[in-house]
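Let me begin by presenting the structure, written as structure tokens, before commenting on it.
What follows is calculated from the coordinates using simple rules that are stated; it is not laboratory data. Predicted model, so just to flag it, every value in this text is computed and none were measured. Ideal geometry is used to build each Cβ from the backbone, glycine not excepted, and the neighbour counts take in all protein chains shown.
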Amino acid sequence: MSIESDVRALATDDGRGVGTEGHRVARKYIYSRLSTLGVEPYLPQGFEAEYQCEGQDFCNLLAMVSGRDRSQAPVLLGAHYDTCGDIPGADDNAAAVAVLLDVAARMAARPPVRSVVFGFFDAEEPPYFLSPSMGSVRFYEDQRVGDIHCAVIMDLVGHDVPAPGLEDLLFVTGMESNQELGEVIESCPANPAIRILPISNGYVGDMSDHHVFRINKVPYIFLSCGIWPHYHQYTDTPEKLNYGKIEGIAKYLEGITEAISGKGLAGEFEGYDSTGIEIGFIQDILLPVVAGMGVSLNVETRQDIDSLVGMMRDRFGI
């Protein structure tokens, strides 16, 4: 199966809103795919981790690839599979689900040092967002077995960034949560399909499932292409996505997961300043594009980054 075929199977006109037939079909599809990948259930009862909240039924799907050293806490890779109502949700979030399935298959064939948990989370979208019903919250508080070494969460990873010259960007937040994550980001190259731009999570906020890990001081990384015009719209359909870019993101995710697996991630949570790393990537990637717009900027401080981010938001809405 290809990433594109998984996206097209999941992103139907029925949507994947919690409690709908489309949601049930998507859950069944993910379960079926996991059953063919050579991965194992994370929990003894199988891939489906059902839960109830305020009288409503939900279900996370949790799989694992056992690492070469099972005594170490696992890395978690996560993405939500529900949609905001009955929209197709190709970018939000079928693309990320397809990436998880792709990486799970490859890691099953070549496990890293640490075990890797694959979390397909329910109930990320409104009205459940940041509520006790949210699948990632229920995973962390009720379904988690032991510590999580690091959580890598994906959301909105299927589209071209809507800014001329920056279409291939992948935004990476959260490296400020642990100094060794900054080292991972600096040392793990991107690939011809993507360029990465690490920025502080403060510019994005807890817009997805990384929230519960951040507030519990678990080192985390969040991968996203940001907001685009089809966000939470009926026009979020499979043919609008860039599958070459998505495949590049899958390869990048595999690489940083292997790198994180080999790191101790010792040290205080958010105990260092990532400004220097952000500035380095901004100077290499953003400033040449900004200069092409006729804008001359020096980016040498956090305040300079603040100004640049504000300008990019005003011009492109990202």
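Taking 21 Å as the straight-line reach from the Cα of Lys263, the lysines in range (excluding those fewer than 8 positions away in the same chain) are Lys217, Lys251.
By DSSP, what percent of the beta bridges with both residues in the chain are antiparallel, rounded to the nearest 5? Walk me through the numbers before you get to the answer.
Numbers: 18 of 36 bridges.
Antiparallel bridges make up about 50 percent of those DSSP assigns within the chain.
With θ taken as phi - 60° and the Karplus curve 6.51 cos²θ - 1.76 cosθ + 1.60 applied, the whole-hertz 3J(HN,Hα) list for region 129-144 is 3, 6, 9, x, 7, 4, x, 5, 5, 5, 4, 5, 8, 10, 9, 5 Hz, x standing for glycine and proline. Annotation note: chymotrypsin sites (Phe, Trp or Tyr not before Pro) in region 1-82 located in DSSP loop regions with a Cβ neighbour count of at most 15 within 10 Å are absent.
Within the listed set Val65, Val289, Val18, the Gaussian network model of the chain (springs between alpha-carbon atoms below 10 Å) gives the highest mean-square fluctuation for Val289. When the chain is treated as a GNM with alpha-carbon contacts under 10 Å, the residue of Ala94, Ala163, Ala250 showing the greatest mean-square fluctuation is Ala163. Taking square-rooted eigenvalues a ≥ b ≥ c of the alpha carbon gyration tensor, is region 92-160 rounded, prolate or oblate, where a/c under 1.5 means rounded and, failing that, a/b exceeding b/c means prolate? Oblate. Within a straight-line Cα-Cα reach of under 12 Å, Lys28 can be paired with the following aspartates and glutamates, leaving aside sequence neighbours fewer than 8 residues apart in one chain: Glu48.
Dipole of the chain computed with +1 at Lys/Arg Cβ and -1 at Asp/Glu Cβ about the Cα centre; of Ser177, Ile87, Ser5, farthest Cα towards the positive end is Ser5. What is the distance in Å between the Cα centres of region 78-100 and region 275-318? So the two Cα centres are separated by 30 Å.
Counting only residues at least eight positions apart within a chain, or on another chain, the aspartates and glutamates with an alpha carbon under 16 Å from that of Lys245 are Glu4, Asp6, Asp91, Asp92, Asp102, Asp155, Asp160, Glu167, Asp168, Glu254.
Mind listing which trypsin sites (Lys or Arg not before Pro) in region 1-76 are in a DSSP loop and have 15 or fewer other Cβ atoms within 10 Å? Mind dumping the intermediate values first?
Numbers: sites: Arg8, Arg16, Arg24, Arg27, Lys28, Arg33, Arg68, Arg70; in loops: Arg16, Arg68, Arg70.
Filter output for region 1-76: Arg68, Arg70.
Around the Cα centre of the chain, unit charges on the Cβ atoms of Lys, Arg, Asp and Glu (plus for the first two, minus for the last two) sum to a dipole of about 720 debye. Who wins for biggest fluctuation among Asp236, Asp91, Asp69 in a Gaussian network model of the chain, springs between alpha carbons below 10 Å? Among Asp236, Asp91, Asp69, the largest mean-square fluctuation in the Gaussian network model of the chain belongs to Asp69.
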